[in-house]
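> Got a structure for you, questions after.
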Amino acid sequence: MSRFFCALLHTYIDAFLLSAAPDLPILERRNWLIHLHYIRKDYETCKAIIKEQLHETQGMCEYAVYVQALIMRLEGKIQQSLELFQSCAILNPKSSDNLKQVARSLFLLGKHKAAIEVYNEAARLNQKDWEISHNLGVCYIYTKDFKSAEEQLNLALQLNKHDLTYMMLGKIHLLQGDTEKAIDVYKSAVEFSPENTELLTTLGLLYMQLGKYQKAFEHLGNSLTYDPNNFKAILAAGSMMQTHGDYDVAMNKYRVAAYSVPESPPLWNNIGMCFFGKKKYVAAISCLKRANYLSPFDWKILYNLGLVHLTMQQYASAFLLLQIYPSDLRLLLFTLTNLDDADNGRRSHEQAVLLDESNPLVNLNFAVFLYNQGDKKAALLQLQEMERKVNAQVENNSNTDFDPELVEMAQKLGTALQAGENLYWSKLGKDSKTSQRSSSSKPSSSQQPLGTNQALGQAMSSAAGYSKSMQITAEPEADVSSAPSPPTVTPGEPEDEDEETAEPAKLKEKKSKPKAAAE
């Protein structure tokens with residue numbers, strides 16, 4: 001009897017438990033298993049389960065379609081994922097997550113205006129989602145509507161602060177050319193996330209662009225403290241040391257970077273210019289050719305390689321490299337002069353005068369070239385045009401600190417052309433030490449060539465120095481991409497960059513120290 005009652009009791013208990021356990025709807029019966037395989041990145045098994053689930057539910061399982069769309073996107077099938085996410089939005093039109101994924105797929109397809117419309121619809125369903133505001137800001141950046149982008153990113157920061165939102169907001173200010181505002185944004189970002197190496201590196205690069213090397217070195221140092229192998233920070237810190245002539249210290253930094261990114265064109269470009277600064281020209285050419293092999297169309301590398309050939313008086317090789325991307329016509333003119341190509345040299349000088357209407361050094365180089373060709377009348381006209389530009393700069397109190405060797409060259413040319421004592425250079429020479437050297441040179445009956453090799457090289461070096469100062473003041477940054485890609489990469493992106501600049505070295509017979517800026 002006792003056995004009978006025990007069996008009956010167990011039967012009642014089992015029936016109660018079965019009635020208490022809820023039965024999952026058939027639409028969601030395998031959702032937990034789909035999720036489990038998806039987070040394990042077992043996509044093949046996950047797709048098989050999804051196929052069975054959709055077959056049983058006749059395609060009405062929202063979660064299975066949603067995960068299938070995510071897998072499609074990961075596999076690069078953006079259009080198919082868009083169609084599946086649209087199906088999810090039809091199955092559940094009140095879900096903001098479905099609309100966010102539809103907009104994301106449209107963004108990846110480059111349909112930014114359509115993505116903005118869908119994000120706005122999702123924002124009406126959920127007004128407190130920072131991700132919607134952030135993505136809206138990014139879409140507005142691609143449509144060049146920077147004002148709306150800034151509003152949306154600021155709204156995203158009010159809802160929830162994120163490093164990525166700060167970076168995109170800083171990028172907007174950089175695209176608008178407002179470096180100061182970008183620095184303020186990145187400073188706020190660093191206060192929020194002080195251990196983010198990308199933010200620290202970007203802020204250091206921006207300070208470098210403004211010439212605030214102490215603050216730049218401080219932030220780059222903090223970035224390297226948290227990540228000693230940060231390639232961008234190492235490259236930026238090394239370029240600062242290289243700019244100040246600490247080539248050995250910079251080489252040590254680059255040696256560390258070479259272990260992490262051995263195939264970087266900017267890295268080998270900077271290493272090559274370090275050797276150039278140490279007057280090891282063969283090693284410089286070897287490194288620059290490796291950089292050129294890795295990035296054949298980077299004009300900065302070709303420019304630096306041509307600069308090294310020019311210093312070694314290999315004018316034909318220098319001409320072939322400098323003419324590919326004539327970023328500085330004055331070096332190309334100097335090369336043509338040494339190749340004794342008078343016709344192309346004259347045409348190049350005329351083009352340089354047309355391209356740079358404010359730089360008096362271009363006219364001085366042209367005047368020296370014409371004097372050496374025997375055209376004194378045209379040389380005098382160029383000298384007078386140079387004087388006009390110099391007087392205009394003196395009146396505006398801008399760029400009046402000229403190289404003494406340049407002043408001496410202008411004085412010699414003025415004396416040879418009998419330009420008179422009313423020139424600015426003559427007045428300047430009376431109050432400087434350079435006038436003592438220039439006064440001892442008297443014009444002889446036979447014309448002596450001016451500007452050949454040493455003299456013209458000195459004038460060209462001063463012209464290059466003028467170009468350097470103009471580039472620094474006029475240039476905004478940087479890929480952070482980049483980087484900011486600033487240089488820039490920079491950053492860059494920033495970008496970007498982003499950040500890759502090349503400074504011409506001084507071409508003198510006296511072999512003064514050349515300066516080469518890093519990328």
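> List, in the order given, every pair from 94/181; 128/232; 144/212; 278/389 whose Cα-Cα distance in the structure shown is over 32 Å.
Those over the limit are 94/181; 128/232; 278/389.
> Could you compute how much accessible surface residue 45 exposes when probed at 1.4 Å, giving the result in Å² to the nearest 10?
50 Å²
> Which Rg and Dmax, in Å, describe the Cα atoms of region 266-361?
14.0, 39
> If you roll a 1.4 Å probe over region 218-366 with all protein chains in place, what percent of the accessible area is carbon or sulfur?
Its accessible area is 55 percent carbon and sulfur atoms.
> Still on this model: Hey, could you grab the Kirkwood Rh for region 138-215? Inverse mean 1/r over distinct alpha carbon pairs, Å, one decimal.
12.7 Å
> Mind checking the full-extension length gain between residue 126 and residue 60? Use 0.36 nm per residue of separation minus the Cα-Cα distance, one decimal, nm. Walk me through the numbers before you get to the answer.
Working: separation 66, 0.36 × 66 = 23.76 nm, distance 2.44 nm.
Gain on extension, residue 126 to residue 60, equals 21.3 nm.
> Taking 0.36 nm per intervening residue step and subtracting the Cα-Cα distance, what contour gain separates residue 244 from residue 210 on full extension?
10.7 nm
> Hey, another quick one. Among 97, 343, 129, what's the order by accessible area (1.4 angstrom probe), most exposed first? Intermediate values should be presented prior to the final figure.
Details: 97 80, 343 110, 129 25 Å².
Descending accessible area places them as 343, 97, 129.
> Quick one: if the Förster radius is 51 Å, what FRET efficiency do residue 74 and residue 256 give, using the C-beta to C-beta distance and rounding to 0.05?
Computed FRET efficiency for residue 74 and residue 256: 0.90.
> Further question on the same structure: Let a ≥ b ≥ c be the square roots of the eigenvalues of the Cα gyration tensor of region 220-288; is it rounded (a/c under 1.5), or, if not, prolate (a/b larger than b/c) or oblate?
oblate
> Continuing with the same structure: I need to check one value: relative contact order of region 198-327, counting alpha carbon pairs closer than 8 Å and at least 6 residues apart, in percent.
14 percent
> Rg(Cα) of region 65-110 divided by 2.2 N^0.38 Å?
Working: Rg = 9.4 Å, N = 46, 2.2 N^0.38 = 9.4 Å.
For region 65-110, the normalised Cα radius of gyration is 0.99.
> Please work out how much length the chain gains when fully extended from residue 278 to residue 143, using 0.36 nm per residue of separation minus the C-alpha to C-alpha distance, in nm with one decimal.
Working: separation 135, 0.36 × 135 = 48.60 nm, distance 4.73 nm.
Result for the pair: 43.9 nm of gain on full extension.
The values are calculated or read from the model by the stated rules, or taken from the named source; none is laboratory data. Everything numeric here is computed off the predicted structure, so don't read it as measured data. FYI the Cβ positions are ideal-geometry reconstructions off the backbone, even for glycines, and counts take in every protein chain you see. Keep in mind that these areas ignore ligands, DNA and RNA; they rest on the heavy atoms of the full protein, side chains included. Shrake-Rupley method; radii C 1.70, N 1.55, O 1.52, S 1.80 Å.
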